[in-house]
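Notes to accompany the following structure.
Derivation of every value follows stated rules applied to the coordinates shown; laboratory data play no part. Since the structure is predicted, the reported quantities are computational estimates derived from the model, not experimental observations. Heads up, the Cβs are rebuilt from the backbone with ideal geometry, glycines too, and the neighbour counts pull from every protein chain shown.
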Amino acid sequence: MTDPPPETGRGRAEARREEARARFEAACEDLRSSEGWQRFAKARALLRGYSLTNTLLILSQRPDATTVASYRRWIALERQVRRGEQALRIWAPSVRRERDGKTGEEAAAVRRFVLVPVFDISQTEGPPLPEPPPIAPLTGASHAHLLRHLEEDAARAGYRVERHDVMPGRSQGYVDHHHHLIVLASTLAPNGEVAVLVHELAHVHGARYDELGRAGAEVVAETAAHITLAGVGLDTGRQSVPYVAGWADAAPQTLASYADATHRIASALESALRLGHEPEQRPLAPLWEDAALAQAPQIADERARAPVRTR
């Protein structure tokens with residue numbers, strides 16, 4: 001069976017799917033470098049609510065993307081896509097209403113996934129969007145209210161949180177998986193407690209030494225924490241996210257699995273902090289007619305990724 005000619009609708013769709021696969025693989029390849037990993041962390045923090053695949057697709061097409069939405073959504077926000085701008089392509093479900101043969105009730109069903117056009121804010125013009133709140137330092141107490149949510153998340157995972165006056169070495173926190181315990185230094189300010197607790201919960205949610213190795217687990221945990229803290233406007237205390245130099249020799253599938261673990265853990269932490277649940281916190285994340293559409297499918301060829309278990 002020969003491929004359909006590219007000038008047909010089916011041919012164009014298949015060409016776009018192949019291009020999307022190639023872009024995804026190139027984005028995974030880019031994770032080999034420290035700069036590429038940092039670009040991924042920044043994009044994931046800014047594009048909260050999008051799947052890992054869509055985040056990497058956006059990053060591969062526009063590395064400086066910050067806020068992405070459909071043409072119609074930009075119109076609703078009183079911004080206009082500039083003439084001549086080339087759309088970015090991401091995956092979205094094609095939804096049809098189907099009648100249940102037994103109950104006779106209609107319900108929405110995803111039949112397939114298609115590539116749809118979206119645009120970054122840099123491709124639009126119009127009134128400015130609301131500015132995010134200023135970044136708060138770790139020495140304050142502005143984010144103390146988040147500790148309750150984080151401790152509840154620890155309890156749901158079966159862990160208790162304690163504050164100790166004496167800590168090993170220079171540690172400000174650690175996880176004892178054997179006793180299901182998270183320990184924080186009692187000298188930390190409330191904002192500092194939030195930052196350290198987010199990092200330690202990243203280990204609880206899947207950044208495990210026995211699965212990722214010590215260096216890999218620390219990078220995944222710290223990157224997930226960096227992404228999460230950026231989402232709540234709390235200073236991470238670092239200029240850049242960490243990186244394992246040895247990853248330069250890793251296969252793209254392996255790096256994709258680390259990115260997948262980071263994405264999943266960050267999503268769990270964001271959920272614990274109610275990010276995306278309270279519109280006033282970040283009213284434009286994600287910018288889509290239906291937030292479910294931002295949760296794109298993974299690329300049809302699942303061999304492009306090797307997911308890491310996060311529990």
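In the range 143-212, how does Rg compare with the Kirkwood Rh, expressed as the Rg/Rh ratio over alpha carbon atoms?
On the Cα set of the range 143-212, Rg over Rh gives 0.94.
When His203, His149 are ordered from fewest to most other Cβ atoms inside 10 Å of their Cβ, what list results?
Exposure proxy ranking, most exposed first: His149, His203.
Rank these for me by crowding, Ile182, Ile227, Ile121, Ile135, going from fewest to most other beta carbons within 10 Å.
Exposure proxy ranking, most exposed first: Ile135, Ile121, Ile182, Ile227.
With a 10 Å radius around each residue's Cβ, average the other Cβ atoms per peptide and rank 139-145, 245-251, highest first. Provide the component values of the computation, followed by the final result.
Numbers: 139-145: 14.1, 245-251: 12.3.
So the peptides 139-145, 245-251, ranked by packing, come out 139-145, 245-251.
Evaluate the range 35-187: find the radius of gyration of its Cα atoms, find its Kirkwood radius, and give the ratio Rg to Rh.
Values: Rg = 22.5 Å, Rh = 20.2 Å.
Value, to two decimals: 1.12.
Could you state the principal axis extents of the C-alpha atoms in the range 12-118, from the largest down, to the nearest angstrom?
55, 34, 30
What's the long-distance tail for the range 9-304, i.e. % of Cα pairs beyond 24 Å?
That tail contains 56 percent of the Cα-Cα pairs.
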